[in-house]
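The values are calculated or read from the model by the stated rules, or taken from the named source; none is laboratory data. Small disclaimer: the values here were computed from a predicted structure and weren't measured. Here the Cβ is made from the backbone with ideal geometry for all residues, glycine too, and neighbour counts use every protein chain on show.
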Amino acid sequence: MSNALKLTVPDGVPFIDFEREFDFPVAEVFRAHKEPELITQWLGPRGTNVDIDHYDFRSGGSYLYDHTGPDGVSYAFSGIFHTVRENEFAIQTFEFSGYPDIVSIEFMNFEDLGGGRCRLRGHSVYPTMEARDGMAQSGMESGLSDGYERLEEVLAR
């Protein structure tokens, strides 16, 4: 894989950072994060099904969706989009039903690398080290990696 996910869980701070490059323009990668009909095609690990209750990727919007795995177990994800700037930046809250009452704040930067390529940088802030560690151990890395591989496949179509 030419564009591997780089996930960092730094010592001593309640953060998780990730970075992923795409061989597609910022506008296409941003659109794939914005449009619910595209979200359902790539978000999450392979073999999961995404059912969106609502997804409004704009400043002040919110989202609620379920991931159902091949085992039939379903998990809900919800949050609020606090700031969204087209093709540039998004701040959202994120709550995973597997860790109820733990809300993280996520920052996503969409960077134009030129030549039809872009980089997505994410920074997630958790309320405690325990919450951060729980998320890091939940399969987050493989889920993000799979999802972004699927995103490239969707954009290539």
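Numerical summary
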| read-out | value |
| --- | --- |
| Considering residues of segment 139-154 that are surrounded by 18 or more Cβ atoms within 10 Å (Cβ to Cβ) and among the aliphatic types (A, V, I, L, M) only, the residue nearest to residue 111 (Cα to Cα) | 151 |
| Residues (touching a residue at least 60 places away in the same chain (Cβ under 8 Å), over 16 Å from residue 96 (Cβ atoms) and not in a helix (DSSP H, G or I)) located in segment 123-157 | 123 |
| Residue match in segment 21-29 (condition: within 20 Å of residue 81 (Cα to Cα) and under 13 Å from the mean Cα position of the chain (by Cα)) | yes |
| Residue match in segment 36-46 (condition: touching a His at 6+ places or on another chain (Cβ under 6 Å) and either assigned to a loop (DSSP other than H, G, I, E, B) or among the acidic types (Asp, Glu) (or both)) | yes |
| Of all residues making up segment 80-106, the number that are at pLDDT below 95 and among the hydroxyl-bearing types (Ser, Thr, Tyr) | 2 |
| Criterion violated by residue 100 - all others in (1) part of a strand (DSSP E or B); (2) free of Cβ contacts under 8 Å to residues at least 40 places away in the same chain satisfied | (1) |
| Residue match in segment 47-60 (condition: crowded, with 19+ Cβ neighbours inside 10 Å, touching a Pro at 6+ places or on another chain (Cβ under 6 Å) and closer than 24 Å to residue 125 by Cα) | yes |
| Selection from segment 81-138 of residues that are of a type in the set (Ser, Thr, Tyr), surrounded by fewer than 16 Cβ atoms within 10 Å (Cβ to Cβ) and touching a Pro at 6+ places or on another chain (Cβ under 9 Å) | 128 |
| In segment 1-33, residue nearest to residue 136 (Cα to Cα) [restricted to those that are among the β-branched types (Val, Ile, Thr) and assigned to a helix (DSSP H, G or I)] | 29 |
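Listed here are the residues, each with its yes/no results for (1) β-branched (Val, Ile, Thr); (2) over 26 Å from residue 117 (Cβ atoms); (3) at pLDDT below 95.
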position: 17; (1), (2), (3): no, no, no
position: 40; (1), (2), (3): yes, no, no
position: 47; (1), (2), (3): no, yes, yes
position: 56; (1), (2), (3): no, yes, no
position: 78; (1), (2), (3): no, yes, no
